[in-house]
Amino acid sequence: MGQAAVDDGALVLFSGGQDSTTCLAWALDRFPRVETLGFDYGQRHRVELACRGRLREGIVRIEPSWRRRLGPDHTLNLDALGTVSETALTRDAEIGYAAGGLPNTFVPGRNIVFLTFAATLAYRRGLRHIVGGMCETDYSGYPDCRDDTIKALQVALNLGMERRFVLETPLMWIDKARTWQLAAELGGRPLVDLIIEDSHTCYLGERGSRHAWGYGCGTCPACDLRAKGYARFAAEAVG
């Protein structure tokens with residue numbers, strides 16, 4: 001397929017987690033055409049990929065206009081990223097900290113690779129906006145989640161592809177409690193419940209234990225952030 005004409009549509013990096021589901025709702029609320037993109041890179045928690053279909057099916061039942069706006073889903077196999085990565089997200093290893101102080105769940109280059117492939121697909125599909133859940137407020141210190149990284153990459157992609165992509169990061173400056181609140185503002189309690197029941201965040205890929213905030217081991221860094229954020233969101237909602 002050749003190059004498509006550019007419109008004001010969006011491509012959402014959609015992993016099947018809390019953040020990307022919130023970003024999907026954010027995009028559906030704003031853009032006339034929205035497509036989704038997931039990556040299989042041999043991640044330890046690849047159960048998240050199985051959640052994507054249920055989330056897409058559930059989200060269009062929340063708001064009628066979202067059903068009209070939601071377009072195709074795409075999945076790209078990036079096995080090479082997992083092959084070159086010696087991390088706790090791509091190997092059966094205990095989660096901790098690596099040399100230099102970064103968590104060993106950091107997959108070097110992951111977001112740079114993801115956004116580059118996303119831009120390549122958006123180029124073909126004629127989509128201007130690329131939406132990702134990167135955040136440097138509640139995060140683990142990953143350098144490729146920083147706003148400066150995203151802005152620099154946007155410049156590089158636009159220069160290299162002769163386009164005017166806009167890399168959208170609606171969660172960049174908000175914490176996990178505010179991310180839950182944003183979901184509530186976009187889709188009410190039905191969207192919050194959909195995220196609780198059908199999204200996946202746990203780094204260990206556990207879906208056995210159901211907590212107030214959803215499924216997961218309850219102890220890994222991803223579960224810890226999600227649980228604490230939900231507790232603050234729920235307390236503020238009651239208050």
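Quick notes
- Taking every residue in the range 25-36 that is in contact (Cβ under 8 Å) with a residue 24 or more places away in the chain and within 14 Å of LEU121 (Cβ to Cβ) and pairing it with any residue that is assigned to a helix (DSSP H, G or I) and not charged (D, E, K, R), at least 6 positions away or on another chain, the pairs with Cβ-Cβ distances below 8 Å are VAL34/LEU24; VAL34/ALA27; VAL34/LEU28; THR36/LEU24.
- So ARG54, is it in a helix (DSSP H, G or I), in contact with a helix residue (DSSP H, G or I) (Cβ under 8 Å, 6 or more places away or on another chain), within 29 Å of VAL192 (Cα to Cα) and at pLDDT 90 or above: yes
- The residue of the range 211-223 that is surrounded by the most Cβ atoms within 10 Å (Cβ to Cβ), among those that are outside any loop (DSSP other than H, G, I, E, B) and at pLDDT 95 or above, is GLY214.
- Scanning the range 57-74 for residues that are over 14 Å from GLU197 (Cα atoms) and of a type in the set (D, E, K, R) yields ARG61, GLU63, ARG67, ARG68, ARG69, ASP73.
- On inspection, LEU194 does not qualify as crowded, with 19+ Cβ neighbours inside 10 Å and in a loop (DSSP other than H, G, I, E, B).
- The residue that is nearest to the chain's Cα centre (by Cα), among those in the range 42-66 that are among the basic types (Lys, Arg) and farther than 19 Å from PHE114 by Cβ, is ARG54.
- Per-region count, the range 48-60, residues out of contact with any strand residue (DSSP E or B) (no Cβ under 9 Å at 6 or more places or on another chain) and within 25 Å of ALA80 (Cβ to Cβ): 2
- Looking only at the range 31-51, residues that are within 24 Å of ASP7 (Cβ to Cβ), touching an Asp or Glu at 6+ places or on another chain (Cβ under 8 Å) and not acidic (Asp, Glu) come to 6 in all.
- Checked against (1) surrounded by fewer than 17 Cβ atoms within 10 Å (Cβ to Cβ); (2) without any contact (Cβ under 8 Å) to a residue 12 or more places away in the chain, GLU206 passes all but a single condition, namely (1).
The values are calculated or read from the model by the stated rules, or taken from the named source; none is laboratory data. Quantities reported herein were computed from a predicted structural model and do not represent experimental measurements. Cβ atoms come from the backbone with ideal geometry, glycine included; neighbour counts cover every protein chain shown.
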